[in-house]
Amino acid sequence: MFYILLPSLAERQAMIDHLKSFGIYSVFHYLPLHLSDMGRQFGGQVGDCPVTEDISDRLLRLPFYNSLTEDELALIVEKVKAFRFEPAPV
């Protein structure tokens, strides 16, 4: 698995949109177990594991599959490196 840990949820979402504009589909990957359906059945709540929740919001999984070519990999690397976050005006 190839992933990037971005500084914020907003930057992760912007990176997803940036990559998608080039036909590169990346996804957020990790749901904290205490916030899963089963975890909530056992009493898991937002705030129980703040570090885990923070990392979950910032983690981005890059494309990873057997038929990924070197050219596709090079494009992914190029577009990740080209990403510049511009926060929305307040």
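Throughout, read-outs are computed from the coordinates displayed, never taken from laboratory work. If you're wondering where the values come from, they're calculated on a predicted model, not measured in any experiment. Ideal geometry is used to build each Cβ from the backbone, glycine not excepted, and the neighbour counts take in all protein chains shown.
Taking each residue of region 34-45 that is surrounded by 12 or more Cβ atoms within 10 Å (Cβ to Cβ) and looking for partners that are part of a helix (DSSP H, G or I) and of a type in the set (A, V, I, L, M, F, W, C) with beta-carbon atoms closer than 8 Å, six or more apart or interchain, yields GLY39/LEU33; GLY44/LEU33; GLY44/LEU35.
When ILE55 is tested against the conditions (1) closer than 13 Å to ARG12 by Cα; (2) free of Cβ contacts under 8 Å to residues at least 12 places away in the same chain; (3) in a helix (DSSP H, G or I), the lone failure is (2).
Given the criteria of a type outside the set (Asp, Glu) and part of a helix (DSSP H, G or I), does LEU73 qualify? Yes, satisfied.
Which pairs have Cβ atoms under 7 Å, sit 6 or more apart or on different chains, and link a residue in region 62-90 that is surrounded by 10 or more Cβ atoms within 10 Å (Cβ to Cβ) to one that is acidic (Asp, Glu)? If the second residue must be acidic (Asp, Glu), the pairs left are PHE85/GLU11.
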